[in-house]
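The values are calculated or read from the model by the stated rules, or taken from the named source; none is laboratory data. Keep in mind that what you see is a predicted model, and the values were worked out from it rather than measured. A quick note on method: Cβ atoms are made from the backbone with ideal geometry, for glycine too, and the neighbour counts reach across all protein chains shown.
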Amino acid sequence: MRHEAAARVVINMPKEQAWNLLKDLSLAHNYVPGITRTEITTDKTEGVDASRRVFQASGKPLDETVSEWSDGQGFLIRLHNGEKGAPPPFARAAFRYRLDDAGHNCTALTTSLMFDMRWGGFGRFLYERLLHKVFRGVIRDVAISMKQFYESGEPVSPEQLKQLRVSAKQAA
């Protein structure tokens, strides 16, 4: 895919413990901003072809299906609206979660959105002028929210996310 927005955080827990949380596809609503509920839609709950539907506060649900799985390390999940393909403004879109050992019983988490835009030249213009900063911010928010959820075990509220953004900026 042509574009990628990525963020990396270090989680204060061993990689195996982080993997046990990451591989549970039913937990996304606890750390993805704007997601209110997660529902597994296949008999498979992990691995390639496992699928979930995430319900967004802003409207329509979104389907996500695992297309790559690396046990203990991460996965790639394709974003789609049923059989219709990726939701606008994307022609194709996937989200990658990757875990790496960061030493000292810590785990590096990298979240990334990989995508192609719809609408040809207009889509490129929209991305370059407006959406690239939005997408980077959303991916950063997912990463810092995952860190908070993994370390605390508590869902991240919008108010907490605002505080996490401030803390992340100060630490950078």
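For segment 26-37, the criterion of being closer than 16 Å to Val142 by Cβ, at pLDDT 95 or above and among the charged types (D, E, K, R) is satisfied by no residue at all. Does Thr38 fit the bill of being over 14 Å from the mean Cα position of the chain (by Cα), in a strand (DSSP E or B) and within 30 Å of Glu151 (Cβ to Cβ)? No. Can you tell me which of (1) among the aromatic types (Phe, Trp, Tyr); (2) free of Cβ contacts under 8 Å to residues at least 12 places away in the same chain; (3) outside any helix (DSSP H, G or I) is the one Phe75 doesn't meet? With (1) among the aromatic types (Phe, Trp, Tyr); (2) free of Cβ contacts under 8 Å to residues at least 12 places away in the same chain; (3) outside any helix (DSSP H, G or I) applied to Phe75, the lone miss is (2). It is to be established whether one or more residues within segment 118-131 are touching a residue at least 40 places away in the same chain (Cβ under 8 Å) and within 29 Å of Val48 (Cα to Cα). Checked against the condition, which is being touching a residue at least 40 places away in the same chain (Cβ under 8 Å) and within 29 Å of Val48 (Cα to Cα), segment 118-131 yields no hits at all. Within segment 38-57, is there a residue that is touching a Gly at 6+ places or on another chain (Cβ under 9 Å) and surrounded by fewer than 18 Cβ atoms within 10 Å (Cβ to Cβ)? Yes, that holds for at least one residue. Could you look through segment 86-112, keep only residues that are under 18 Å from the mean Cα position of the chain (by Cα) and part of a loop (DSSP other than H, G, I, E, B), and pick out the one that is farthest from Arg52 (Cα to Cα)? The qualifying residue farthest from Arg52 (Cα to Cα) is Pro89. Can you spot a residue in segment 121-130 that is over 17 Å from the mean Cα position of the chain (by Cα), over 19 Å from Val32 (Cβ atoms) and crowded, with 16+ Cβ neighbours inside 10 Å? Checked against the condition, which is being over 17 Å from the mean Cα position of the chain (by Cα), over 19 Å from Val32 (Cβ atoms) and crowded, with 16+ Cβ neighbours inside 10 Å, segment 121-130 yields at least one hit. Considering segment 58-69, and only residues there that are of a type in the set (S, T, N, Q) and touching a residue at least 24 places away in the same chain (Cβ under 8 Å), the residue that is surrounded by the most Cβ atoms within 10 Å (Cβ to Cβ) turns out to be Ser67.
The criterion of at least 1 residues that are at pLDDT 95 or above and hydroxyl-bearing (Ser, Thr, Tyr) is met, among helices (runs of 4 or more DSSP H) falling completely within segment 113-172, by 132-152. Does Glu16 meet the test of being in contact (Cβ under 8 Å) with a residue 24 or more places away in the chain, more than 30 Å from Arg118 (Cα to Cα) and among the charged types (D, E, K, R)? Yes: the conditions hold for Glu16.
Of the residues in segment 74-93, none is surrounded by 19 or more Cβ atoms within 10 Å (Cβ to Cβ), more than 23 Å from Thr41 (Cα to Cα), touching a strand residue (DSSP E or B) at 6+ places or on another chain (Cβ under 7 Å) and not small (Gly, Ala, Ser).
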